Amino acid sequence: MFVIMIGDLNSHTPHGPLDRKWTNHKDHARLVNPNNRRKFEIIVVGSGLAGGSAAATLGELGYRVKCFCYQDSPRRAHSIAAQGGINAAKNYQNDGDSIYRLFYDTIKGGDFRSREANTYRLAEVSGNIIDQCVAQGVPFAREYSGYLANRSFGGAQVSRTFYARGQTGQQLLLGCYSALCRQIAAGTVQMFPQTEMLDLVIVDGQAKGIVTRSLRTGKIEMVAGDAVVLATGGYGNVFYLSTNARGCNVTATYRAYKKGALFANPCFTQIHPTCIPHAGDYQSKLTLMSESLRNDGRVWVPKGKEDCAKPPNEIPHTERDYYLERKYPSYGNLSPRDIASRAAKEVCDEGRGVGPGGRGVYLDFADAIKRLGQETISERYGNLFEVYEKITGENAYKVPMRIYPAVHYTMGGLWVDYNLMSNVPGLFVVGEANFSDHGANRLGASALMQGLADGYFVLPYTLPNYLAGQVGKRPSIDRPEFKDAEREVRAKIDKLLKINGNRSLDSIHRELGELLWNKCGMARNKAGLEEALEKIPKLREKFWREVRVPGDGEDFNQSLERAGRVADFLEFAELLCIDALTRDESCGAHFREEHQTPDGEALRDDENFADVFAWEFQGANGTLNPPKLHREPLQFETVHLTQRSYK
Amino acid sequence: MNFRLRVWRQKDRKSRGRLINYDATDIPPQASLLEMLDIMNERLLLRGEEPIAFDSDCREGICGTCSLTVNGEAHGPDHPGAACELYMRKFKEGETIVIEPFRLKSFPIVKDLVIDRSALDRIVQAGGFISARTGSAPEANSILVPKHDADVSMEAAACIGCGACAAACPNASAMLFTAAKVSHLATLPQGETERVRRVVSMVHAMDAEGFGNCTNIYECEAVCPAEISASFIAKLNREYSRATLKRSSGE
Ligand SMILES: Cc1cc2nc3c(=O)[nH]c(=O)nc-3n(C[C@H](O)[C@H](O)[C@H](O)COP(=O)(O)OP(=O)(O)OC[C@H]3O[C@@H](n4cnc5c(N)ncnc54)[C@H](O)[C@@H]3O)c2cc1C
């Protein structure tokens with residue numbers, strides 16, 4: 001069905017021993033002399049941890065940066081919502097942590113589907129991130145001695161997570177935003193808030209610009225640059241309901257894909273085990289309860305179905321099934337996300353779920369409160385308990401929380417090489433938008449680490465290496481490539497405005513979300529995926545026939561904004577399912593029911609699937625043509641592939 | 001549940017706006033105020049009317065995007081919390097709910113309930129940072145911060161930058177916003193070097209944006225979704241006097 005190309009992707013991973021690769025690479029990368037830097041204009045799309053840190057650092061180095069985001073201020077990027085913490089191999093707790101261990105935990109947590117060299121580099125620079133953030137004034141939690149405090153997170157047996165109450169993402173982003181503000185004031189970074197990237201412009205085979213639309217005025221503009229950096233976050237909202245912000249989208253990366261950038265591992269989507277359960281159709285998003293809660297909370301459901309409707313405090317300990325502790329005694333409540341999520345689905349499928357629709361499990365703090373006192377628990381998690389009470393009206397100090405898995409993070413993204421450059425020269429991709437470091441499952445507190453690693457410490461070395469050969473090559477926007485891209489963008493907007501049907505965007509998006517959640521969510525199988533692949537094109541047709549997008553394009557028009565994003569999700573969903581169907585194995589968060597161990601764990605097939613799947617767009621002809629698959633074999637020089645065990 | 005809504009509609013910055021009545025019927029009590037607006041927008045759309053423009057993003061009270069005045073109060077009656085954390089079950093059946101944007105000169109209206117808060121960004125650009133060049137930072141644990149100071153700093157740093165403080169203030173003062181950033185950085189040893197310059201520049205930027213003065217009314221504290229204490233304003237005043245004194249004595 002698909003054309004498959006094996007081994008034509010070059011990751012440009014440097015030679016040499018794992019722990020020397022990055023140093024050697026930096027030592028030999030080409031540099032741009034300080035006087036030449038201001039001659040380069042760098043386009044950075046996104047102002048979250050990845051884009052914000054990249055823009056600020058490149059500005060500091062003397063490049064001229066143009067930074068875009070869709071929110072009204074760069075400080076509102078969705079990184080702001082991260083709660084639990086950020087990992088770093090500082091070994092401040094003297095509990096045996098090291099760069100190697102953080103690397104190994106990440107590779108293993110990702111079920112051996114990420115690149116060794118990238119992941120090692122991530123662990124290697126993790127310490128610098130904490131140094132940098134502390135210097136910026138990020139108010140991390142401290143011990144009484146004044147030293148930095150740590151907590152534990154899922155998938156690790158050491159305490160290496162740094163945090164700022166339950167608002168770590170907010171504080172890291174505000175640190176990064178302050179660095180960005182300093183550069184805006186210095187004139188090196190020009191910020192374009194409420195400006196959406198709608199297309200990538202490729203000139204002579206290189207990424208040299210973008211087409212944007214001002215969300216405030218509707219004005220469409222062409223922007224030329226010497227390189228384009230995409231830092232546009234994840235695509236979890238393809239499922240409609242997720243823990244992402246309303247505006248999170250796949251538009252920037254998907255449109256780059258349509259221009260030739262490869263999309264890697266789109267089916268690696270993470271479902272987070274601890275979210276507030278879904279309550280009704282009106283709901284516009286799901287709210288995460290930080291994984292850090294699993295440090296002190298115990299997860300359980302009743303042993304017998306007949307107890308599910310009883311008030312939890314009336315169910316005696318002997319009648320409760322602490323299923324994570326039972327199945328995974330050494331990691332217990334801290335087993336990795338994919339495993340904890342699937343275990344929750346399993347007990348609910350058995351009819352032992354609690355709350356409305358039986359789609360929930362308890363997360364109980366009674367023991368921790370007895371052991372540590374309510375004050376300590378409130379100091380650790382007070383704001384999360386408040387959020388929970390606001391949404392559900394229940395007091396979790398008195399009755400256990402009810403939680404259920406929800407779509408949270410996307411490991412897939414645009415394919416990049418070791419330099420974080422896509423297959424399109426000049427197009428760099430950082431943060432959640434790329435596919436690089438987390439394999440088939442991301443460990444908690446590692447996304448913040450990756451975003452900042454990419455932006456502060458990797459891109460500033462690898463981008464100049466590209467730029468050094470690009471002096472004076474920035475094209476003018478009079479080139480036909482720009483005009484063509486602009487024309488396409490306008491045509492798409494006109495087409496959306498002309499549909500004039502009678503259905504709302506949300507109703508179609510919700511339908512898509514439900515379909516994906518059921519057929520391509522926590523568990524997937526061939527028949528279900530084939531069914532989804534049959535239904536998605538029909539839903540897309542329905543969209544282009546029945547949806548109503550009011551207003552016009554020359555104005556502040558939120559319906560039009562959303563329409564463009566939903567249209568892209570409707571195409572992207574197909575790629576997601578094709579990837580899930582083609583990856584005929586289970587690994588990490590990608591659980592194909594056909595492939596499981598006797599006790600229901602993901603069963604990898606390293607012989608046939610220890611590869612990155614990178615998809616190439618093949619155009620559309622009424623329907624989307626089947627994309628072309630490129631495979632990058634993953635080479636493991638240091639770690640041994642093993643069956644993941646958290647027992 | 002059923003409600004009578006009165007919603008501010010305004011075509012663009014220059015047009016005149018007014019309150020329009022809508023009946024919101026059959027609203028699930030568990031829906032948030034913004035989800036209620038989503039439901040209304042879906043209905044308006046199907047009736048061929050233009051949906052109500054309002055801003056939101058994270059919908060969990062941390063991004064600071066939503067900026068509604070509900071029944072005369074910034075972020076509505078359920079403090080502390082942003083408008084996205086306000087649930088319909090908190091209102092009475094049949095209640096009239098008036099929904100307007102944050103109103104002040106420094107936050108011009110873009111459309112309906114959407115405002116322009118770039119003034120707040122410019123205050124931070126004036127000096128709300130520590131100039132720590134990427135790569136130049138010392139080992140993190142070489143800077144010790146007493147737990148108490150770290151906690152106080154975090155309390156100030158928790159500001160979500162929504163601007164409710166200025167919207168609620170009869171003087172349209174952005175003192176709480178500015179005080180939070182100044183206090184966050186002035187409480188930490190890393191912030192010491194730029195302490196004087198920072199507070200002076202930020203206060204000047206705040207004045208230049210047309211925000212008013214603080215006269216201790218404390219409405220800001222009452223509506224702040226992040227529960228930033230007004231005592232930080234006293235700290236800002238101290239920081240500012242200290243800075244101007246240092247400057248005038250030629251230090
Ligand atoms: C609720 C929640 C809690 C989390 N908690 C943790 C945690 O505790 N620890 C952890 O490590 N990770 C956590 N994560 C994951 C982590 O927060 C994200 O993966 C990470 O912050 C993503 O950063 P980013 O810079 O790649 O993208 P984002 O922060 O999402 O930024 C994307 C940027 O791109 C811009 N953008 C997007 N599309 C366009 C477009 N078309 N045009 C112009 N601009 C565009 C946006 O405006 C924004 O500025 C959490 C995630 C969620 C949702």
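Quick notes on this one:
- Selected residue (criterion: nearest to B:Ala158 (Cα to Cα)) from residues of segment B:55-97 that are part of a strand (DSSP E or B) and away from chain A (no Cβ under 11 Å): B:Ala74
- Selection status of A:Lys39, at pLDDT 95 or above and away from the ligand (no atom under 16 Å from the Cβ): yes
- Odd one out for A:Phe153, checked against (1) closer than 25 Å to A:Asp111 by Cβ; (2) surrounded by fewer than 24 Cβ atoms within 10 Å (Cβ to Cβ); (3) within 12 Å of the ligand (Cβ to nearest atom): (2)
Every residue, every condition in (1) open to solvent by 10 Å² or more (accessible area, probe 1.4 Å); (2) over 22 Å from A:Leu629 (Cβ atoms); (3) touching a residue at least 12 places away in the same chain (Cβ under 8 Å); (4) within 8 Å of the ligand (Cβ to nearest atom), yes or no:
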| residue | (1), (2), (3), (4) |
| --- | --- |
| A:Ile403 | no, yes, yes, no |
| A:Val416 | no, no, yes, no |
| A:Phe428 | no, yes, yes, no |
| A:Ser436 | no, no, yes, no |
| A:Asn441 | no, no, yes, no |
| A:Leu448 | yes, yes, yes, yes |
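- Where helices (runs of 4 or more DSSP H) sit wholly within segment A:433-509, those with at least 1 residues that are of a type in the set (Phe, Trp, Tyr) occupy A:459-467, A:480-499.
- For A:Phe268: the one exception among (1) more than 9 Å from the ligand (Cβ to nearest atom); (2) within 25 Å of A:Ile508 (Cα to Cα); (3) within 14 Å of chain B (Cβ to nearest Cβ); (4) open to solvent by less than 10 Å² (accessible area, probe 1.4 Å): (3)
- Of everything in segment A:185-205 that is more than 11 Å from the ligand (Cβ to nearest atom) and surrounded by 23 or more Cβ atoms within 10 Å (Cβ to Cβ), the residue that is farthest from A:Gln558 (Cα to Cα) is A:Val189.
- On inspection, A:His12 fails the criterion of being within 10 Å of the ligand (Cβ to nearest atom) and closer than 30 Å to A:Tyr409 by Cα.
- In this entry, A:Gly175 passes the filter for residues that are within 10 Å of another protein chain (Cβ to nearest Cβ), outside any strand (DSSP E or B) and either aromatic (Phe, Trp, Tyr) or within 24 Å of the chain's Cα centre (by Cα) (or both).
- Flag not set for A:Arg165, criterion: touching a residue at least 40 places away in the same chain (Cβ under 8 Å), open to solvent by 10 Å² or more (accessible area, probe 1.4 Å), over 30 Å from A:Leu334 (Cβ atoms) and within 14 Å of chain B (Cβ to nearest Cβ).
- Residue ID - nearest to the ligand (Cβ to nearest atom), chosen from residues in segment A:211-228 that are touching a helix residue (DSSP H, G or I) at 6+ places or on another chain (Cβ under 8 Å) and part of a strand (DSSP E or B): A:Arg213
- Here B:Ala168, B:Ala132 are screened, and the one residue that is touching a helix residue (DSSP H, G or I) at 6+ places or on another chain (Cβ under 6 Å), within 11 Å of chain A (Cβ to nearest Cβ) and open to solvent by 10 Å² or more (accessible area, probe 1.4 Å) is B:Ala132.
- Residue within segment A:603-625 that is modelled with pLDDT of 95 or more, part of a loop (DSSP other than H, G, I, E, B) and within 21 Å of the chain's Cα centre (by Cα) present: no
- Qualifying residue in segment A:79-95 (condition: at positive phi and free of Cβ contacts under 8 Å to residues at least 12 places away in the same chain): yes
- When B:Thr96 is tested against (1) open to solvent by less than 10 Å² (accessible area, probe 1.4 Å); (2) outside the structural domain of B:Ser231 (by TED's automatic domain parsing), exactly one condition is not met: (1).
- Selection from segment B:181-238 of residues that are buried (at least 19 other Cβ atoms within 10 Å of the Cβ), within 22 Å of A:Leu172 (Cβ to Cβ), charged (D, E, K, R) and within 19 Å of the chain's Cα centre (by Cα): B:Lys181
- When A:Lys66, A:Lys90 are checked against the criterion of being under 22 Å from A:Val458 (Cβ atoms), within 16 Å of the ligand (Cβ to nearest atom), at the interface with another protein chain (Cβ under 9 Å from one of its Cβ atoms) and open to solvent by 20 Å² or more (accessible area, probe 1.4 Å), A:Lys90 stands alone in meeting it.
- Residue list for segment B:12-38, filter: at the interface with chain A (Cβ under 9 Å from one of its Cβ atoms), outside any helix (DSSP H, G or I) and under 19 Å from B:Lys111 (Cβ atoms): B:Asp12
- Condition met for B:Val110 (farther than 27 Å from A:Phe385 by Cβ, open to solvent by less than 50 Å² (accessible area, probe 1.4 Å), under 14 Å from the mean Cα position of the chain (by Cα) and within 9 Å of another protein chain (Cβ to nearest Cβ)): no
- Residue within segment A:15-26 that is in a loop (DSSP other than H, G, I, E, B) and within 16 Å of the ligand (Cβ to nearest atom) present: no
- Checking every residue in segment A:267-278 against the condition of being of a type in the set (Phe, Trp, Tyr), out of contact with any helix residue (DSSP H, G or I) (no Cβ under 7 Å at 6 or more places or on another chain) and part of a loop (DSSP other than H, G, I, E, B) gives at least one match.
- When segment A:93-110 is limited to residues that are among the small types (Gly, Ala, Ser) and more than 16 Å from the ligand (Cβ to nearest atom), the one that is nearest to B:Cys63 (Cα to Cα) turns out to be A:Ser98.
- Cβ-Cβ distances below 7 Å connect the following pairs, each with a first residue in segment A:229-240 that is in contact (Cβ under 8 Å) with a residue 12 or more places away in the chain and more than 8 Å from the ligand (Cβ to nearest atom), a second residue that is among the charged types (D, E, K, R) and open to solvent by 10 Å² or more (accessible area, probe 1.4 Å), and a separation of six or more residues or different chains: A:Tyr240/A:Arg510.
- Among residues of segment A:9-30 that are closer than 27 Å to A:Glu616 by Cβ, those with a beta-carbon under 8 Å from a residue that is basic (Lys, Arg) and in a loop (DSSP other than H, G, I, E, B) at least six positions away or on a different chain give the pairs A:Ser11/A:Arg115; A:Thr13/A:Arg115.
- A single member of B:Ser15, B:Ser32 is surrounded by fewer than 18 Cβ atoms within 10 Å (Cβ to Cβ) and of a type in the set (Ser, Thr, Tyr), and it is B:Ser15.
- Conditions (1) away from chain B (no Cβ under 14 Å); (2) within 25 Å of the chain's Cα centre (by Cα); (3) away from the ligand (no atom under 11 Å from the Cβ); (4) not in a helix (DSSP H, G or I); number of the one not met by A:Lys208: (2)
- Close pairs (6 angstrom Cβ cut-off, 6 or more residues apart or separate chains): free of Cβ contacts under 8 Å to residues at least 12 places away in the same chain in segment A:583-602, crowded, with 23+ Cβ neighbours inside 10 Å anywhere: A:His595/A:Ser586
The values are calculated or read from the model by the stated rules, or taken from the named source; none is laboratory data. Note that this is a predicted model, so its numbers are computed, not measured. All Cβ positions, glycine included, derive from the backbone under ideal geometry; neighbour counts span all protein chains shown. All accessible areas refer to the heavy atoms of the entire protein, side chains included, with ligands and DNA or RNA removed. Shrake-Rupley method; radii C 1.70, N 1.55, O 1.52, S 1.80 Å.
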